[in-house]
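Contents: one structure, followed by commentary.
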Amino acid sequence: MTMTAHQETIDQADQPLLRVRGLSKHYGMITGCRDVSFEMRPGEVLGIVGESGSGKTTLLNCLSGRLPPSQGRVEFNASRHGLVDIYDLSEPDRRRMQREDWGFVHQNPRDGLRMRVSGGANVAEPLMNLGRRHYGDMRQASLDWLNRVELDLSRIDDKPRTYSGGMQQRVQIARNLIHAPRLVFMDEPTGGLDVSVQARLLDLMRELVRDLGLAAILVTHDMAVARLMADRLMVMKSGAVVETGLTDQVLDDPQHPYTQLLVSSVLQI
Amino acid sequence: MQQSKHNGHAPSIRVTNLKKQFTLHNQGSIEIPVFESLNLEVAPGECVVFVGDSGIGKSTLMRTIYGNYLASGGCVEVQHDGAYVDITKASPHMVAAVRRRSMGYVSQFLRVIPRISTIDLVIEPLLGNGVDPEEARSRAVSLLRSLRLPEALWSLPPATFSGGEQQRVNIARSFIREYPVLLLDEPTASLDATNRETVVALIKAALDKGAAMIGIFHDQDVRDAVATRHFDVSSFKMDMESAA
């Protein structure tokens, strides 16, 4: 019996990393998302799927402190503050938490990169923002990360605008992982990538989740990516979560009419 | 019900009054009944083999026990850390924990991230449970050897492998950990006779160590070699009328 209790504490990792309650966002009369509640633990990958216009990106923006919700709470277990509603923090505190504890990978890499500084500097910058000053160490760390995302190292001193879309996306991913965040938000992160690079990044993200306890919220419309990456899925339609559960259960035995339609529409290769 | 050979042990799996039907909302909400009022217990050291005609729901039952399919009623309790967890009602976190440590599942298909080497795929379940990478690797090597997967393939991703080779990778991934509960859905379907024997030996060794197993095997020889008991899924068939 004590054994069970002990194992449970290990299992639950006790506190949630993120706790969302009754989150809604309205744009005037239009609903972005409504009444979303869920919890996440360290090392967990949550996939959010649904067709375009279903409220995935609105939800992601509310969760990541970029768009104040109309109602509800977004509580994050921040390393400096413990479990707090991120919208109760002062602007500077929230920004510092975002820098230290989070990463955000945009669908369009140009939204997440600084186009006027080199690719290498883009990757090293988050470390500099956290107060690191040893140039040699930072350069080594960025080389290491650029290697991990399989970027051609001879190009690191070039500006990102000279890169292909796939290269830009890889730089953006490296930039968002280098400071060992605890939670990464990803909006269609592998959408514009070659399948081979996509596979490498999926493997890399899985490794980080396992070894560092990184948690991720992954918005995608690619069911194959969702199946390989996400532990749990939330299916959204018209701003509401219509189904949630373990990824393989949601995809293999979908209950809601919309999820059944979504799953049966996937092309088999 | 027949008694198991490990008498006195609490069952590792306890299925009570289980019911499953599918509702296809986009095909006029048609109801497909599968089974109902299904009871089953599997004790440590037992290998219960599901029998019944094709399409009767053997795989559906197995997947419902694993939590891959959602039960329509009843419960599925699995021993996890000395207590029962009801898979049909547990939180996703709990089901994931049960699958990580207590209940393995071997399907006919290998579904993995592309471009990862075979050996890394095989040790993955161990790393996920915090086993030292060196030790994980040495266990993987001896397992792949016993499954006669050519050493030249170990560093390659299995995408280009033959069906039988992929299946052996899948088996290695599941047998590298000693899961107390193991579900086997046609693990020997595309194997030749020699490799089938190896898998039978792996299954028997796990049973001797007290694993509780449920299997679906179309191969008569394998079935005869490992089954401690047959379980006829067709006797719980749900009538069209009782589907609600």
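The values are calculated or read from the model by the stated rules, or taken from the named source; none is laboratory data. Just so it is clear, the model here is predicted, and its values are computed rather than measured. Methodologically, a virtual Cβ is constructed for each residue, glycine included, from the backbone with ideal geometry; neighbour enumeration extends over all protein chains shown. The protein model used for the area step is the full one, side chains on, heavy atoms only, and it has no ligands, DNA or RNA in it. Shrake-Rupley method; radii C 1.70, N 1.55, O 1.52, S 1.80 Å.
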Answer residue from segment B:24-44, given it is in contact with a strand residue (DSSP E or B) (Cβ under 7 Å, 6 or more places away or on another chain) and more than 16 Å from B:D239 (Cβ to Cβ) and is nearest to the other protein chains (Cβ to nearest Cβ) among those: B:L24
Sort out which residues of segment A:44-67 are touching a residue at least 40 places away in the same chain (Cβ under 8 Å), part of a loop (DSSP other than H, G, I, E, B) and crowded, with 19+ Cβ neighbours inside 10 Å, and write them in order of number. A:E44, A:G50, A:S54, A:G55, A:S64
Residue by residue through segment A:68-94, note down the ones that are assigned to a strand (DSSP E or B) and either open to solvent by 30 Å² or more (accessible area, probe 1.4 Å) or in contact with a strand residue (DSSP E or B) (Cβ under 7 Å, 6 or more places away or on another chain) (or both). A:Q71, A:G72, A:R73, A:V74, A:E75, A:F76, A:N77, A:A78, A:L83, A:V84, A:D85
The condition from (1) within 14 Å of chain B (Cβ to nearest Cβ); (2) buried (at least 17 other Cβ atoms within 10 Å of the Cβ); (3) modelled with pLDDT of 90 or more that A:S37 misses is numbered (2)
Limited to segment A:176-228, what total is found for residues that are farther than 15 Å from B:V112 by Cα, assigned to a helix (DSSP H, G or I) and within 14 Å of another protein chain (Cβ to nearest Cβ)? 6
Identity of the residue in segment B:63-92, assigned to a strand (DSSP E or B) and facing chain A (nearest Cβ under 9 Å), that ends up surrounded by the fewest Cβ atoms within 10 Å (Cβ to Cβ): B:A83
Can you tell which of A:T247, A:T259 is touching a Gly at 6+ places or on another chain (Cβ under 7 Å), buried (at least 22 other Cβ atoms within 10 Å of the Cβ) and within 24 Å of B:R63 (Cβ to Cβ)? A:T247
When every residue in segment A:118-128 that is surrounded by fewer than 22 Cβ atoms within 10 Å (Cβ to Cβ) and free of Cβ contacts under 8 Å to residues at least 40 places away in the same chain is compared, the one farthest from A:Q98 (Cα to Cα) is A:A121
With in contact (Cβ under 8 Å) with a residue 12 or more places away in the chain, touching a Lys or Arg at 6+ places or on another chain (Cβ under 8 Å), in a helix (DSSP H, G or I) and within 30 Å of B:V131 (Cα to Cα) as the only criterion, which of B:T198, B:T188, B:T194 stands out? B:T198
Select from segment B:104-133 the residues that are among the hydrophobic types (A, V, I, L, M, F, W, C) and either closer than 15 Å to B:A172 by Cβ or more than 10 Å from chain A (Cβ to nearest Cβ) (or both) and list them in ascending order. B:V106, B:F109, B:L110, B:V112, B:I116, B:I119, B:L121, B:V122, B:I123, B:L126, B:L127, B:V131
Do we find a residue being on the phi > 0 side of the Ramachandran plot, surrounded by fewer than 14 Cβ atoms within 10 Å (Cβ to Cβ) and of a type outside the set (G, A, S) anywhere in segment B:137-148? yes
Among the residues of segment A:229-243 satisfying the criterion of being charged (D, E, K, R) and assigned to a strand (DSSP E or B), which is farthest from the other protein chains (Cβ to nearest Cβ)? A:K237
Within segment A:191-225, which residues are open to solvent by 10 Å² or more (accessible area, probe 1.4 Å), among the polar types (S, T, N, Q) and in contact with a Ser or Thr (Cβ under 9 Å, 6 or more places away or on another chain)? A:Q198
A:L228: passes all of (1) within 18 Å of the chain's Cα centre (by Cα); (2) open to solvent by 40 Å² or more (accessible area, probe 1.4 Å) but (2)
Of the numbered conditions (1) surrounded by fewer than 17 Cβ atoms within 10 Å (Cβ to Cβ); (2) without any contact (Cβ under 8 Å) to a residue 24 or more places away in the chain, A:M138 fails exactly one; give the number of that condition. (1)
From the residues in segment A:154-167 that are part of a helix (DSSP H, G or I) and modelled with pLDDT of 90 or more, which one is most open to solvent (accessible area, probe 1.4 Å)? A:R161
Please enumerate the residues belonging to segment B:180-189 that are over 10 Å from the mean Cα position of the chain (by Cα) and either modelled with pLDDT of 90 or more or not hydrophobic (A, V, I, L, M, F, W, C) (or both). B:P180, B:T188
Report, by residue number, each residue of segment A:1-34 that is modelled with pLDDT under 50 and either more than 14 Å from chain B (Cβ to nearest Cβ) or surrounded by fewer than 17 Cβ atoms within 10 Å (Cβ to Cβ) (or both). A:M1, A:T2, A:M3, A:T4, A:A5, A:H6, A:Q7, A:E8, A:T9, A:I10, A:Q12
Could you count how many residues in segment B:93-112 are crowded, with 21+ Cβ neighbours inside 10 Å and more than 17 Å from the chain's Cα centre (by Cα)? 0
Mind checking which pairs have a first residue in segment B:219-240 that is part of a loop (DSSP other than H, G, I, E, B) and a second that is of a type in the set (S, T, Y) and open to solvent by less than 90 Å² (accessible area, probe 1.4 Å), Cβ under 6 Å, 6 or more apart or different chains? B:D219/B:T188
Among what's in segment A:244-267 and is assigned to a helix (DSSP H, G or I) and over 16 Å from A:G47 (Cα atoms), pick the residue that is farthest from the other protein chains (Cβ to nearest Cβ). A:Y258
Among B:E41, B:E31, which is the only one that is modelled with pLDDT under 95 and in a strand (DSSP E or B)? B:E31
